[in-house]
Amino acid sequence: MTATPTPPLSPPPAAMADPAAGPLAEARRLVEDRSLDTVRAWKAAHPGALAIGHLPIYVPRPLLEAMDCLPVALFGGGDQVDIIRGDSYFQSYICHLPRSTVELALAGDLDALDGVLFPAICDVVRNLGGMWKLLFPDRYSSYLDLPQNLDPALGGRFYADELRRITRELVARGATPLAERALAAAIARENARRDALFALDALRRRQPWRVPASEAYLVARAGAALPAADHRALLQAYLNAALQRAVHRYDNVRVVVTGAFCEQPPLELIRTLELAGCDIVDDDFQLGWRYLEGPIPTGAGADGIEVLARAYLDLGTATASRYIGEEEKGAALVRRVRRAGAEGVIFAAASFCDPALLDQPMLEAALGAAGIPFTSLKFSENTGQLQVIREQAGAFSDAVKLWGSAA
Amino acid sequence: MSDGTRLLTAGIDPGASAVKVAVVASDGGDAAEVRATAVERIRRRGVREVATRAFEQACAAAGVEPAQLAYVASTGDGDAVAFRTGHFYSMTTHGRGALFLDPDARAVLDIGALHARGIRVDERGRVLGHRMTSQCASGTGQFLENIARYLGVPLDDVGALSLAATSPEKVSGICAVLAETDVINMVSRGITTPDILKGIHQSIAGRLVLLLRSIGAQGVVVLTGGLARDPGMVAALRELAEAERARRADTALDIRAHPDSMLAGAIGAALLGAYRHRQLERAGRVERVA
């Protein structure tokens, strides 16, 4: 007989004294800081410096840091905000994120921000940017038009000009004028943060029982209002602690979750997928952190803005808001599944998220051709009833585990 | 580990009101024997503690050390079983468990404390379709437990009293809240307890048969979950299925209960654990869950 597993009888050691408890508590505190108290504290410590919010998916945060601004990623109100006023600004058949963002702003929860950037994701976020200008005419806001033409001579030039425009506008609002050395240093800090995130992802792929996706999500999200260096320190602290954990390994199904790159699922939904027997070994939650698939190249004498523009063109990941060939996106998803050693894919898109839902049939076709089982579900950031999702994820997990198929 | 060529596995099924455990010896396929079972009511205790205790009881009754088990499978509230090897979803385990209890089963009606679920299975126990009652609790054990409490009837007596009904009183077929109001009215009108309980059973049965029809169930339906032990519930379901037979002979339902119906989830989990262990063994991946 082959050696067989010997399950310990009492709760696994990890539940007794978790060395990651400290970093996780700090991450939770930061994530639950709805009124941006940490941003206020940062501003008090940096008199005159600007805090600039930005919507998902991608904004070049090093550019803001180089101008002594604090970039603050905005992910909506999650499941903690009752939408009352926000609903009156948008039609019912769009996603939840803009409503809760407006709700937070009208409630004064975003008052610590000196400005907001609205990167090109979809029409809804473009409309939110317009609504913002009407609601808060005295505050800085700008639509950041990310290029869809990836030719450096066209899209690259356009994007670099966009970044220079934003730089000028922020300087006019009191930001420190951009200096090449400062931008190079900010890019280096961003690359270091990225290295820590990718190390965390790599550990999650190797030993998902050591780094549950719900925890990885929390420590990534905690960086929303942190300078890159502080976020890196938190990520590193969690990573070191996770490596020291005594763990109990479960016979779970390895899955990739995709489609939740903009509006975020409630943490409980991620937990629900895990409890249904899934190890989430790759995902596109909070995609901005990993939007660039490699470090931003740095080199002596390089124009930092050109470097950022080129990184967006060359290293940008295949995602719904990037208009590249359908085959390319499907192939990229299959590569992610293979790299992660995943056995299946869960499409988890926000309700009414056109970019995700329009891409999904093509991605499903690519998975079908590659023989990779998949299932799909929809959520909104305040989804509270998870029974149906639990049912669906459980059925999928069992089918993949026992029969090697999606049904 | 194994018992000869057979694997010893355990299934643990923490539900809303009780934890059920089964220790099974099997070859990883159909040949299997239940070595021991345990059922422990939760009664406001921590479910993790109850699950551990019930597991220890079942292991002791089977004469095995936990370390001898090749796979400890949880189902239901798997989070309560931190020492599990793996988890299977309850519809999969109830389907497998029902097939073990009655090899003719082609559908399962799992009636637990908080939900009822219809599951259609093939001859291997593989789930072909399923549907669960919505958030409304009117088709579940909790609802019946509430009614029993209003009437001052011990839960264990509900079935026998219902079987003694002579003129069942019809109650709301839609809503548990309305049904509870109906019951209060019935009591004030002097309707007997057996007739009230039978009316409740018939109301639940009507809803559950609709649930079964919605997943295309036909043939043998095995009842699982706590309400499968209620003879009044079983009788009401059988009577309704019989009444339907005349007009739906080709898709008639044959409602069956088994003395171990309540343990179907735990038994199914243990059997699937053995199947999974063999699968991992063949793939050389047993260490994956070690």
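The values are calculated or read from the model by the stated rules, or taken from the named source; none is laboratory data. Note that the coordinates shown come from a computational prediction; the quantities given were computed from them, not determined experimentally. Don't worry about glycine lacking a Cβ; one is built from the backbone with ideal geometry, like all the others, and counts go over all protein chains shown. Each accessible area value is taken on the protein alone, full model and side chains, heavy atoms only, with ligands, DNA and RNA left out. Shrake-Rupley method; radii C 1.70, N 1.55, O 1.52, S 1.80 Å.
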Inset, instruction - Give the residues of segment B:72-83 that are at the interface with chain A (Cβ under 7 Å from one of its Cβ atoms) and either among the hydrophobic types (A, V, I, L, M, F, W, C) or buried (at least 24 other Cβ atoms within 10 Å of the Cβ) (or both), sorted by residue number. - result: B:VAL72, B:GLY78, B:ALA82, B:PHE83
Inset, instruction - Would you confirm whether any residue within segment A:160-181 is in contact (Cβ under 8 Å) with a residue 40 or more places away in the chain, under 19 Å from A:TYR291 (Cα atoms) and out of contact with any Leu (no Cβ under 7 Å at 6 or more places or on another chain)? - result: yes
Legend entry - Flag for B:GLU281 being out of contact with any Leu (no Cβ under 8 Å at 6 or more places or on another chain), within 14 Å of another protein chain (Cβ to nearest Cβ), surrounded by fewer than 18 Cβ atoms within 10 Å (Cβ to Cβ) and not hydroxyl-bearing (Ser, Thr, Tyr): yes
Inset, instruction - Determine whether segment B:115-130 contains at least one residue that is touching a residue at least 60 places away in the same chain (Cβ under 8 Å), open to solvent by 20 Å² or more (accessible area, probe 1.4 Å), of a type in the set (Lys, Arg) and part of a strand (DSSP E or B). - result: yes
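Quick grid of which residues meet (1) part of a helix (DSSP H, G or I); (2) under 23 Å from B:ARG256 (Cα atoms); (3) under 19 Å from the mean Cα position of the chain (by Cα):
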{"residue": "B:VAL24", "(1), (2), (3)": "no, yes, yes"}
{"residue": "B:THR52", "(1), (2), (3)": "yes, no, no"}
{"residue": "B:GLN57", "(1), (2), (3)": "yes, no, no"}
{"residue": "B:VAL64", "(1), (2), (3)": "no, no, no"}
{"residue": "B:GLY76", "(1), (2), (3)": "no, yes, yes"}
{"residue": "B:ARG84", "(1), (2), (3)": "no, no, no"}
{"residue": "B:ASP104", "(1), (2), (3)": "no, yes, yes"}
{"residue": "B:ALA113", "(1), (2), (3)": "no, yes, yes"}
Inset, instruction - Being surrounded by fewer than 24 Cβ atoms within 10 Å (Cβ to Cβ) and of a type in the set (Gly, Ala, Ser) is the filter here, so list the residues in segment B:232-256 that pass it. - result: B:ALA235, B:ALA241, B:ALA243, B:ALA246, B:ALA249, B:ALA252
Legend entry - Odd one out for A:ALA246 among (1) among the aliphatic types (A, V, I, L, M); (2) modelled with pLDDT of 95 or more; (3) surrounded by fewer than 23 Cβ atoms within 10 Å (Cβ to Cβ): (2)
Inset, instruction - Just give me the residues in segment A:31-59 being part of a loop (DSSP other than H, G, I, E, B) and of a type in the set (A, V, I, L, M), in sequence order. - result: A:LEU36, A:ALA49, A:LEU50, A:LEU55, A:ILE57, A:VAL59
Inset, instruction - State yes or no: is B:ARG229 more than 11 Å from chain A (Cβ to nearest Cβ), charged (D, E, K, R), open to solvent by 40 Å² or more (accessible area, probe 1.4 Å) and under 14 Å from the mean Cα position of the chain (by Cα)? - result: yes
Legend entry - A:LEU117 being modelled with pLDDT of 95 or more, touching a strand residue (DSSP E or B) at 6+ places or on another chain (Cβ under 8 Å) and among the hydrophobic types (A, V, I, L, M, F, W, C): yes
Inset, instruction - For segment A:383-404, indicate whether the set of residues that are closer than 22 Å to B:ALA283 by Cβ, at pLDDT below 95 and outside any helix (DSSP H, G or I) is non-empty. - result: yes
Legend entry - Where A:SER405 falls short, out of the listed (1) crowded, with 17+ Cβ neighbours inside 10 Å; (2) within 12 Å of chain B (Cβ to nearest Cβ); (3) in contact (Cβ under 8 Å) with a residue 12 or more places away in the chain: (1)
Legend entry - Pick from segment B:162-182, criterion assigned to a helix (DSSP H, G or I) and out of contact with any Leu (no Cβ under 7 Å at 6 or more places or on another chain), ranking: modelled with the lowest pLDDT: B:ALA176
Inset, instruction - For A:ALA199, work out the one condition from (1) over 29 Å from A:VAL337 (Cβ atoms); (2) open to solvent by 10 Å² or more (accessible area, probe 1.4 Å) it doesn't fulfil. - result: (1)
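Can you tell me which of A:GLU327, A:GLU343, A:GLU391 is more than 21 Å from the chain's Cα centre (by Cα), in contact (Cβ under 8 Å) with a residue 24 or more places away in the chain, within 14 Å of another protein chain (Cβ to nearest Cβ) and surrounded by fewer than 23 Cβ atoms within 10 Å (Cβ to Cβ)?
From the options A:GLU327, A:GLU343, A:GLU391, the qualifying one is A:GLU343.
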Inset, instruction - Kindly indicate whether any position in segment B:258-272 is away from chain A (no Cβ under 14 Å), over 16 Å from the mean Cα position of the chain (by Cα) and open to solvent by 60 Å² or more (accessible area, probe 1.4 Å). - result: no
Inset, instruction - Please work out which residue is surrounded by the most Cβ atoms within 10 Å (Cβ to Cβ), limiting yourself to segment B:1-51 and to residues that are more than 18 Å from B:SER74 (Cα to Cα) and modelled with pLDDT of 90 or more. - result: B:ALA32
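Among the residues of segment B:135-153, are any among the basic types (Lys, Arg) and either in contact with a Cys (Cβ under 6 Å, 6 or more places away or on another chain) or over 25 Å from B:VAL187 (Cβ atoms) (or both)?
The answer is no, given that none of the residues of segment B:135-153 is among the basic types (Lys, Arg) and either in contact with a Cys (Cβ under 6 Å, 6 or more places away or on another chain) or over 25 Å from B:VAL187 (Cβ atoms) (or both).
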Legend entry - Residue tally, condition at pLDDT 90 or above and facing chain B (nearest Cβ under 7 Å), over segment A:1-34: 0
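Looking only at segment A:211-232, decide whether some residue is over 20 Å from the mean Cα position of the chain (by Cα) and surrounded by fewer than 21 Cβ atoms within 10 Å (Cβ to Cβ). So that I can check it myself, show each step before the final result.
At the first step, the residues of segment A:211-232 found to be over 20 Å from the mean Cα position of the chain (by Cα) are none.
Looking for residues that are over 20 Å from the mean Cα position of the chain (by Cα) and surrounded by fewer than 21 Cβ atoms within 10 Å (Cβ to Cβ), one finds none in segment A:211-232, hence no.
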Legend entry - Hits in segment A:156-182 - residues which are within 19 Å of A:LEU117 (Cα to Cα) and either open to solvent by less than 20 Å² (accessible area, probe 1.4 Å) or not in a helix (DSSP H, G or I) (or both): A:TYR159, A:ALA160, A:LEU163, A:ILE166, A:THR167, A:LEU170, A:ARG173, A:GLY174, A:ALA175, A:THR176, A:PRO177, A:LEU178
Inset, instruction - For B:SER214, indicate whether it is closer than 24 Å to B:MET91 by Cα, modelled with pLDDT of 90 or more, surrounded by fewer than 24 Cβ atoms within 10 Å (Cβ to Cβ) and among the polar types (S, T, N, Q). - result: yes
Legend entry - Top-ranked residue in segment B:52-65 [being surrounded by fewer than 19 Cβ atoms within 10 Å (Cβ to Cβ) and not hydrophobic (A, V, I, L, M, F, W, C); ranked as nearest to the other protein chains (Cβ to nearest Cβ)]: B:GLU56
Inset, instruction - Give segment B:210-240 a look and list any residue that's within 17 Å of B:GLY125 (Cβ to Cβ) and either free of Cβ contacts under 8 Å to residues at least 60 places away in the same chain or part of a strand (DSSP E or B) (or both), or say none. - result: B:GLY219, B:VAL220, B:VAL221, B:VAL222, B:LEU223, B:THR224
Inset, instruction - Return the only residue of A:PHE352, A:PHE379 being open to solvent by less than 10 Å² (accessible area, probe 1.4 Å) and of a type outside the set (Val, Ile, Thr). - result: A:PHE379
